[in-house]
Each structure stands twice: as C-alpha cells, then as structure tokens.
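Heads up, the thing below is written out as structure tokens.
The values are calculated or read from the model by the stated rules, or taken from the named source; none is laboratory data. Nothing here was measured: the structure is a model prediction, and the numbers come from that model. Every residue, glycine among them, receives a Cβ derived from its backbone with ideal geometry; neighbour counts consider all protein chains shown.
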Amino acid sequence: MLNALWQGKALPVLVVAAIIGLFWYAGSILLNADLQRDAFVNAGKTDYSTSELIAGTFAQERPKLPTPGQIMAELYKTVIDTAPTSKRSLIYHGSVTLSATLLGFLIGSALGMGLAILVVHVRSLDKSLMPWVVASQTIPIIALAPMIVVILNQFDVTGLIPKAVIAAYLSFFPVTVGMVKGLRSPDPLQLDLMRTYSASRLQTFFMLRVPASVPFLFASLKVGVAASLVGTVVAELTKSEDGGFGARLLAGSYYGQTIQIWAALFAAAACAWALVSLIGVADRIVTRGMGARP
Amino acid sequence: MKIFAGSSKLSIIGGALMIFAAVGPLDVGGDMSLLTGTGWTRFIYLALGIIAMREGPIADIPQKSIWNLPGLSLFAAFELVVYAHSAGTRDWGHLLAILGVWLCAWRSVDIVIAQTPARGRASQWMQWLVPLIFGATLLMLWETLGLYFNVPMVILPTPSQIGIRLATSVPVLTADFLQTVQGILAGYVMGCGAGILIAILIDRIPFLQRGLLPLGNLVSALPIVGVAPIMVMWFGFDWQSKAAVVVIMTFFPQLVNTVAGLGAAGAMERDLMKTYGASYGQTLFALRLPAALPFIFNGLKINSTLALIGAIVAEFFGTPIVGMGFRINTEVGRMNIDMVWATIVVAGVAGSLFYGLLAAIERRVTFWHASYR
C-alpha cells in the first residue's frame, strides 16, 4: 500500500506541491517583511515579536507577494460570494475570456485542419506555404494582437470578435503543423496497401490518414487551446473595456492590487487547465472509440 | 518530368487574363515602367499570357523552356509593382493582370517543384527558392492590391511603406531591439540554465522527478505571461522585470525536456558504463548528457519563441520609453501602423535568426543523431 503510494504519481506531486507552497510562504515573509516593518513603524509600534511580524506579512492589503491563502480567499470572494453578473466577479470576467477563447479556438483549429488537408494534397502549397507556417512558430506572432484589435475597431468590429480573431490565429499555426504531421504519419507500407486495395484518394484519406492523424491532432489541439487563451488574455490588455482576465490583470497592475492580479492569474490558470483536460478527455474518448486499448 | 496536373488549368486562366488585360481594357497611360519604358508593359503581359497558355498546361516541358514561365511571371510582377507606384490610372484591366500574374506564379512554383530532383544540391536550393517565390508573390499581391484599392495606411500599410519606415527609423528600432534583447538574453540564460541544472539535480531522486514532471507539464499550458505585471512591480520598469518573466516562462519547458533527455540513454549503453566501473559523474558527462542533447535543444528552441513573447508582452505593462513591446503598444495608440509593422518585422527576423542559430548549433553538436545522418 505504502509502496504503491510511493511509486505512484499522486504522492510525489502532492509532496512537490507542498514544497512549492512552503517556499511560497517563505517568500511572502521575506518579500513583505520590509513593508510590514514600515507599517509597524508608522503605527508607532516599536516592539513587535517575530511571530507578529510574520502574521503581519500574511495579512497585508497590498503585499508584494500574497500568500496562497490570501489568493484563495480572494478567489472565494470573487467567485462564490460575488454575483456572477457583477463586474467584480471573476466568473463574469472568466466567461468573457472563455467565450472569446473558445470561439477563436474553434475557428482557428477548423481553419488549421482545413489548411492541413489542403497542404497534404496540394504539393505546391506544401512546398511554398508550409515553410512559412513552420517559420511562424519561431516568431512572436502575439505581437500582432494590439494592432489587430485597433484595426478591427476601425471597421466597427468590436466585442467578442477581435479577441476571437487573435485567439484563432494563435491556435491556427500549431494545429496546422500538428495536423500535417499527423496526416503524413502513415508509413509508405500502409499507403501502398491502400493502393493495392485500389482505394481512392478520398478512401485513403478517411480510412488511413484521418485515423492516423488523431493522436497528433489532439496533441496540437492542447497546445492550440492554451495558445488561444494566452492570445485572448493579451488581447484584453489592449481591449480592456469589455472585461476579462487580461483587463483584470491590467486594472490590478494600475492600482497595485497584487491580490487581485494573482487571483486573476490563478483563475486563468484554472481555465487553461480545464480546457486542456477537456481536450485530454475528448482524446481518450475518441481513441477508445477507435478501438485503442489503453 | 511530370508536373502535377492540378494547376494546369490555373495556367490557362492566368494566361487568358494576361492576354485579355494586354489587348483589352488595360490603360497603360503616359508614364510607364522605369525598366522597360513606355508601351512595353502591354508586350510583356501579352508574352506572359501566350507562354502561360501554350507552355503552362504541358505536363512535359522541354528542359530548355522551363524558366520561360517563371521568368516572365517575375518580369510581369515587377511591371505590376512599378505601375502601381506610378500615377497612372487604375482601371480593372490592372486588377485582371494582378490576378493573372498570381495564377502564373502559382503554376511556376509547380514547374520549379517538378523540375527539381528529390535529392542533391538542387533540391536544397528548391527548399529555399519555392517559399521565396511564394513570399514574393504574396508581397506583390499585398503591394499592388493595397495601392489599387487605396487601402489607408492606418489599416494596412503596403510592404514598401513598411520598408521605408523600417529604413528611416533604424536608430529607434535598434534602441528598441537592444533594450528588449537585454531582458530576453538575461532571462533566457538564467531560465534555461536553471531548468537544466535543476533537472540534473533531481536526476538522482526519482521521487521528485515523478512529482515535478506532471506539474511542469501543467505549468507549460498555463498563461504564465500573466505574471508580467507582478514582475514589473517587483523589479521595476527596466529590463530586469522582463528577464524575470522570461526566466519563469522558460524554466519549466527546459526542466521537463532535460529530465526526459536524461532518461534517453539506452539500457545497453548504461550497462556498458557500469562494466567500465564509471562513476555517476562520468556516466553523466560521457553518456547521459550527450544523449540528452537533442531533448535539451528541443527545449531551448521552444524557449527561444517563449522568451520573445514573454519580453514583448511584459513590455505592454510598463517600460522605460524604449523596447519593442513598448513601441508596438504606443505606435498602435498613435495609429502609426507602419511603425508597428516595422517593429514586428524586426521581432520576426530576430526570432527566426535566434531559432536558426540554435538549430545550427544543434546540428553541430548532435551530428550523431539519427535525424542528421
């Protein structure tokens, strides 16, 4: 029993998480101590014990590094205690970010898959366009985000769409690259077999290439959805009037509300994790449906 | 040499468009191409049209006339761009010509691909040539269509406008680049270095590895750029805060990749080291680190892009008045979209060069790996 725990994954992850938590609290004490000493001095309190100092560093209004406890309390306050319609609710901001992310991700991955199918079948596209798609992975295309928001704004395209456009093009490139790799993954032997069956291009595509591409597709969808979320958050920095995690980060950094920033960050991380795990679940369902044995 | 048949129809359509534009509605106006002088545009378009209709669709082009269509397409594209910049009238004959040249360029790509052998020096040339033709075609379309439809600069400047801006703002762009690169390099070295070191340190404790790997994979999917405002608060507006963001972004991918790499050495080789009575350190440096190099480089390459993203996004939150992210953010606000594009070009070129440098070093260092043999 104990051995199984030791060899498994859950316990090590918990231990490492606990170590990180400990370091975090230690960091909070170290980083916030100066502020707290100043606070004590300002309050005219000269003789304070170390434990008072430490307790103080854990309970500041605007700490340099809030403790995980403070962040959780803020999350609880803004997620559970605040009405979801309120502009202070993280659920409200989360829904803004998630809707743009999901819309963009759907558009981007659909376009990416479409282009991958074209690239696999049209040789000139493969030779001429694909190098650029691959090269696009090495440049920070996210830098285009503020410009796209402003340009679309001039066409009176506002609201969800500009953010979704950015989310779409960020997920587009990884999905294209992964899908092309996947559609190419059948080896020549299998393709030859299809030829001996005198299968048409369409049959080869649906019976061999598509099933072979599934693992690659899901791996790149995970990368794509994470990129979409980052894209949306960055777009919300430029376009902060509609809310969203990015707007929350920006507002927090303007007013020095560190706890608010960290809470938004944790919420965004939770969303990213949820999206990636959702795709992981879909991956498992699809591969099992295709007859893969775990 | 057989050519893929799909685009042969494109060639016929393209040729027809060129001939139609040349003999029909094209108003070549008074001032013509600097290169060829008045009146020659019509002739070039006509020649391209005839060649595209005659030779384009042929599956077996004789060796001596392979370069006719690509060459004439290039010539015609040049004419298009020069005319687009002249003060001549813009009638729809030019639009047809733009479309026609594009289709001919497409067919040219197919011809070039088909004429290149699968192996050898020529195929390496083609690997560069074909994407270059594609990129040039795209730039030509962007330039000519942008001028034809008079797209305002605040929406989409043409490549030439961006190029001019790039050339006239070299000092500003250089200062921005140096500022941002400072943060990127410092953060990249620290983040990747720490990732590799920690991976080696926890190498002897499988328990910690099992705990760190799932967390590391999780963190790689999180929107870590969001820590940028916090780092700006901690380390101030200057490059140090950007370096900090880059450290955090690059650390986990490097850790995960290095840990995976340290497990890559085969059991046979490890046994061999054991029979030599090699110590842990000897095995590490003589066998396992070299075997891990492909993985380490994979992490380094992923991180080169992440570092750029981290630094640029961090600059959206606050900088001294210099830096690529700062430039993008402010020039967008001032509607100087051409300057934004110029900065993006610099960032893109820097990103590709950095990646290319890493790939070149990787080739040098891991020449023994299967993918390079």
Query raised in the report: Exactly one of (1) more than 8 Å from chain B (Cβ to nearest Cβ); (2) in a helix (DSSP H, G or I); (3) over 19 Å from residue B:348 (Cα atoms) is unmet by residue A:124. Its number?
Result: (1)
Report summary line: Filtering the stretch A:115-156 for residues that are under 21 Å from residue A:174 (Cβ atoms) and among the polar types (S, T, N, Q) leaves a count of 4
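Of all helices (runs of 4 or more DSSP H) completely enclosed by the stretch B:190-302, which ones contain at least 3 residues that are within 14 Å of another protein chain (Cβ to nearest Cβ) and under 29 Å from residue A:246 (Cβ atoms)?
B:206-220, B:228-235, B:239-262
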**Report entry** Candidate set from the stretch B:205-250 (those that are crowded, with 24+ Cβ neighbours inside 10 Å, within 26 Å of the chain's Cα centre (by Cα) and at pLDDT 90 or above); member that is nearest to residue B:316 (Cα to Cα)
**Finding:** B:242
Query raised in the report: Scanning for something of a type in the set (Ser, Thr, Tyr), at pLDDT 90 or above and on the phi < 0 side of the Ramachandran plot, does the stretch A:158-177 turn up at least one residue?
Result: yes
Report task. Check A:266, A:245, A:205 and return the single one that is of a type in the set (Phe, Trp, Tyr), more than 14 Å from chain B (Cβ to nearest Cβ), crowded, with 16+ Cβ neighbours inside 10 Å and out of contact with any Pro (no Cβ under 6 Å at 6 or more places or on another chain). Result -> A:205
Requested in this report: Could you list all residues from the stretch A:248-263 that are surrounded by fewer than 19 Cβ atoms within 10 Å (Cβ to Cβ) and assigned to a helix (DSSP H, G or I)?
Outcome: A:251, A:254, A:255
Query - Residues satisfying the stated conditions in the stretch B:340-366, i.e. of a type outside the set (A, V, I, L, M) and crowded, with 21+ Cβ neighbours inside 10 Å - result: B:341, B:343, B:351, B:354
Report summary line: residue B:315: passes all of (1) free of Cβ contacts under 8 Å to residues at least 24 places away in the same chain; (2) crowded, with 21+ Cβ neighbours inside 10 Å; (3) more than 7 Å from chain A (Cβ to nearest Cβ) but (1)
Requested in this report: Of the conditions (1) among the small types (Gly, Ala, Ser); (2) more than 13 Å from every other protein chain (Cβ to nearest Cβ); (3) in contact with a Cys (Cβ under 7 Å, 6 or more places away or on another chain), residue A:108 clears all except one; give me its number.
Outcome: (3)
Query raised in the report: Within the stretch B:80-98, is there a residue that is basic (Lys, Arg) and closer than 28 Å to residue A:133 by Cα?
Result: no
Report task. Could you run through the stretch A:248-263 and say how many residues are β-branched (Val, Ile, Thr) and more than 7 Å from every other protein chain (Cβ to nearest Cβ)? Result -> 1
Query raised in the report: Of all the residues that make up the stretch B:88-135, how many are part of a helix (DSSP H, G or I), more than 10 Å from chain A (Cβ to nearest Cβ), among the small types (Gly, Ala, Ser) and without any contact (Cβ under 8 Å) to a residue 60 or more places away in the chain?
Result: 2
Report task. Sort out for me the helices (runs of 4 or more DSSP H) sitting completely within the stretch A:10-104 that have 2 or more residues that are out of contact with any helix residue (DSSP H, G or I) (no Cβ under 7 Å at 6 or more places or on another chain) and either farther than 25 Å from residue A:267 by Cβ or assigned by TED's automatic domain parsing to the domain that holds residue A:250 (or both). Result -> A:10-42, A:50-57
